[in-house]
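The values are calculated or read from the model by the stated rules, or taken from the named source; none is laboratory data. This one's a predicted model, so the numbers in the text were calculated from it and none came from an experiment. Cβ placement follows ideal geometry from the backbone for every residue including glycine, while neighbour counts extend to all protein chains displayed. All accessible areas refer to the heavy atoms of the entire protein, side chains included, with ligands and DNA or RNA removed. Shrake-Rupley method; radii C 1.70, N 1.55, O 1.52, S 1.80 Å.
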Amino acid sequence: MAVSTGFNAVIKAVTDATCTTTNDQISISGGSCTTVGYLDSYTINDSLELIDVTAFGDKVRKNIPSFPTYTMDMSGSYNYADAQQAAIWSNTRGTGTRAEKVYTISESGSKTTVKGYISGASQGSSVGGKSTFSATMTLTLIPKTCAI
């Protein structure tokens with residue numbers, strides 16, 4: 001069983017890579033990776049949409065699986081001087097065409113690659129607390145995890 005305390009996790013933005021897709025999973029080669037600074041938490045979420053096919057006479061609800069949905073949430077301390085945090089803000093606040101983003105998450109001998117759109121971001125602060133940053137990414141491909 002692999003155990004991680006999270007202290008060695010890192011999320012990196014991928015640019016100028018060659019991306020290939022097989023069975024709706026992304027693989028990347030080349031390019032450059034730049035750490036999104038000051039993050040201290042991430043979660044990759046998945047859910048499966050179920051379609052109700054209950055018919056007259058059924059004694060219990062019947063469902064069939066439909067499409068999965070994937071999101072990634074990341075958060076940490078706010079620092080607009082960090083180029084990758086600023087890029088996330090530019091992507092969400094801009095009025096131009098939104099671009100899909102690719103990130104890698106490395107932790108405890110594994111690397112997960114995700115691709116999708118930044119679908120939300122927030123910042124906040126409180127007296128006596130840290131300034132916070134968070135972003136949500138709606139994925140357009142199935143996350144791919146492999147050993148590194």
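The table below gives the values:
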quantity: When residues of segment 51-76 are limited to those that are over 30 Å from TRP89 (Cα atoms) and surrounded by 10 or more Cβ atoms within 10 Å (Cβ to Cβ), the one nearest to the chain's Cα centre (by Cα); calculated: SER66
quantity: Those residues of segment 103-142 which are closer than 21 Å to PHE67 by Cβ and either in a loop (DSSP other than H, G, I, E, B) or in contact (Cβ under 8 Å) with a residue 60 or more places away in the chain (or both), in sequence order; calculated: THR112, THR113, VAL114, LYS115, THR136, MET137, THR138, LEU139, THR140, LEU141, ILE142
quantity: Where a residue in segment 25-43 is within 25 Å of TYR80 (Cβ to Cβ) and of a type outside the set (Gly, Ala, Ser) and its partner, wherever it lies, is open to solvent by 60 Å² or more (accessible area, probe 1.4 Å) and in a loop (DSSP other than H, G, I, E, B), with Cβ under 9 Å and at least six apart; calculated: TYR38/TYR78
quantity: Tally, over segment 1-42, of residues that are open to solvent by 60 Å² or more (accessible area, probe 1.4 Å) and farther than 20 Å from ILE148 by Cβ; calculated: 6
quantity: Within segment 1-96, strands (runs of 3 or more DSSP E) holding 2 or more residues that are closer than 30 Å to THR132 by Cβ and among the hydroxyl-bearing types (Ser, Thr, Tyr); calculated: 32-35, 39-52, 63-77
quantity: Some residue of segment 50-58 being of a type in the set (D, E, K, R) and over 18 Å from LYS111 (Cβ atoms); calculated: yes
quantity: Subset of segment 98-125 [under 16 Å from LEU139 (Cβ atoms) and open to solvent by 40 Å² or more (accessible area, probe 1.4 Å)]; calculated: ARG98, ALA99, GLU100, LYS101, LYS111, LYS115, TYR117, SER119
quantity: Single residue of TYR103, TYR80, TYR38 found to be on the phi < 0 side of the Ramachandran plot and in contact with a helix residue (DSSP H, G or I) (Cβ under 8 Å, 6 or more places away or on another chain); calculated: TYR80
quantity: Filter result (open to solvent by 60 Å² or more (accessible area, probe 1.4 Å) and touching an Asp or Glu at 6+ places or on another chain (Cβ under 9 Å)) within segment 126-148; calculated: THR140
quantity: Failed item, numbered, when ALA99 is tested on (1) within 27 Å of ASP24 (Cα to Cα); (2) in a loop (DSSP other than H, G, I, E, B); (3) in contact (Cβ under 8 Å) with a residue 40 or more places away in the chain; calculated: (3)
